[in-house]
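The values are calculated or read from the model by the stated rules, or taken from the named source; none is laboratory data. Keep in mind it's a predicted model, so treat the numbers as computed, not measured. Here Cβ is always computed from backbone atoms with ideal geometry, including for glycine, and neighbour counts include all displayed protein chains.
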Amino acid sequence: MDWEVVFESVPLIWKGAGATVSMFAWALVIGTAGALALALMRLSASKALQWFAIGFGWLFRGIPLLILLFFAFFALPEIGILFSPFLAAIVGFSLWTAAYQAEVIRSGIIAVPPGQSEASEALGMTKWHYMRRIVLPQGLRIMVPPYTGNAITLLKQTSLATLVTVPEMTLLTQRIFSNNFKFIEPIFVLAMIYLAMTSVLLILSVAVEHAVSLKV
Amino acid sequence: MELDWGVVVRSWDLLMQGTWVTLVLFFLSLLLGTALGLILALMRMSQFRAVRWLSLGYIWVFRGIPVLVILFFSFFVVGRRLGLTPVQAGILGLGFSAAAYKAEIIRAGILSVDPGQAEASEALAMSKRHYMRRVIIPQSIRVIIPTYMSNSILVLKVTSVAVAIGIVELTGITRQLSNSTTRPIELFTAAAGIYVFLTTVLVVLQEVLERRFALKT
């Protein structure tokens with residue numbers, strides 16, 4: 001390994017970190033909002049809403065993320081929906097996040113003992129009210145580990161955006177090695193940056209888990 | 001615009017060829033990942049600290065970097081040095097990636113077996129190797145199946161990333177066909193349908209296996 005090439009590659013690849021992080025952040029925010037909606041639909045009294053949420057989860061968890069990205073990038077323009085590569089990637093990542101995090105949120109909610117909502121009802125709280133004030137806060141504790149696990153997966157998946165030409169870290173790495181045919185150095189740098197990012201998220205998730213854990 | 005689903009029928013043979021490559025990538029990387037995962041899981045429970053740390057380090061690195069980057073490494077670095085074909089490099093990369101996840105799944109399964117079982121085996125003078133193979137691992141299978149299978153569904157979907165190192169599997173052939181026919185909607189919908197079919201088969205298989213290995217009471 002030629003360390004000179006390694007040090008030259010770092011700033012070139014780091015230029016893509018902004019795109020990587022912003023795709024991650026946007027998809028996480030949009031996807032989580034969608035996931036919460038899907039989880040509540042799944043637990044609602046309406047059969048139609050339940051089936052919609054089940055169908056959504058089955059479809060978007062059954063299709064590879066890359067196919068979602070290609071669909072958003074290559075197919076949607078055919079029906080007049082033209083996204084920039086960056087937006088197409090966010091659409092794909094958000095759908096993926098919504099489908100996976102919906103399961104996490106749903107299992108967190110159903111893990112809360114039903115006595116909690118019965119007691120809330122007995123106290124005259126509306127469903128909306130006790131979901132927000134009683135059930136979700138307690139479910140949160142159970143949701144944290146799988147939620148952050150999915151978030152770390154999402155961060156890694158943003159590398160796929162290179163295949164729809166988003167200039168993020170992986171694309172910039174490919175650009176380096178297709179110019180100088182030095183493979184090991186830029187790929188090593190890229191791997192180390194991802195490893196650092198996912199390790200930060202891992203430490204963060206342990207801290208959050210600790211913060212929301214029951215103090216006894 | 002008009003949709004022309006005939007393009008899917010006309011491309012069917014090529015789509016099936018791509019599906020075949022996807023299945024080859026899936027089965028062989030699953031095999032490699034499971035064998036390596038079992039070794040890593042046993043290493044994590046070794047009495048030697050260095051062996052435990054080696055396994056932990058492997059898992060941390062391979063779970064911490066994207067599959068795409070692992071594939072770049074196996075194709076552009078390892079594959080070029082050893083003269084591997086793209087498919088061989090793909091199986092290697094996907095298998096080494098899968099191993100990190102399988103190791104944790106197998107380890108959790110082994111740890112779930114009541115320690116009394118190992119103690120009783122020792123009291124019966126079985127060697128560690130012997131009771132691992134005959135007592136502990138068979139009992140852990142029941143716990144391993146659900147997580148192992150849902151992880152395998154992810155492995156199947158992740159094979160699509162192999163398109164990035166030039167392997168013409170289902171996603172790759174679909175992208176080529178959609179470029180040459182300018183019918184991306186129909187073709188990507190067809191590919192999505194094939195993937196959903198394959199993952200659904202795995203979900204059904206999971207149900208069957210869970211039932212077969214369930215405790216009969």
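Numbers for the structure displayed
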| quantity | calculated |
| --- | --- |
| Members of segment B:62-117 found to be over 19 Å from B:Gly172 (Cα atoms), aromatic (Phe, Trp, Tyr) and within 12 Å of chain A (Cβ to nearest Cβ), listed by number | B:Phe62, B:Phe73, B:Tyr101 |
| Flag if A:Lys182 is in contact with a Pro (Cβ under 8 Å, 6 or more places away or on another chain), of a type outside the set (A, V, I, L, M) and closer than 30 Å to A:Leu12 by Cβ | no |
| Hey, A:Met192 over 21 Å from A:Trp26 (Cα atoms), at pLDDT 95 or above and not basic (Lys, Arg) or not | yes |
| Any helices (runs of 4 or more DSSP H) falling wholly within segment A:1-106 and containing at least 3 residues that are within 13 Å of the chain's Cα centre (by Cα) | A:17-42 |
| First in segment A:140-161 and in contact (Cβ under 8 Å) with a residue 12 or more places away in the chain, second anywhere and of a type in the set (D, E, K, R) and in a helix (DSSP H, G or I), Cβ under 8 Å, 6 or more apart | A:Val144/A:Glu209; A:Pro145/A:Glu209; A:Thr148/A:Glu209 |
| Condition met for B:Glu119 (assigned to a helix (DSSP H, G or I), in contact with a Gly (Cβ under 9 Å, 6 or more places away or on another chain), more than 30 Å from A:Ile176 (Cβ to Cβ) and of a type outside the set (S, T, N, Q)) | no |
| In segment B:24-53, the residues that are closer than 20 Å to B:Ile194 by Cα and free of Cβ contacts under 8 Å to residues at least 40 places away in the same chain | B:Phe27 |
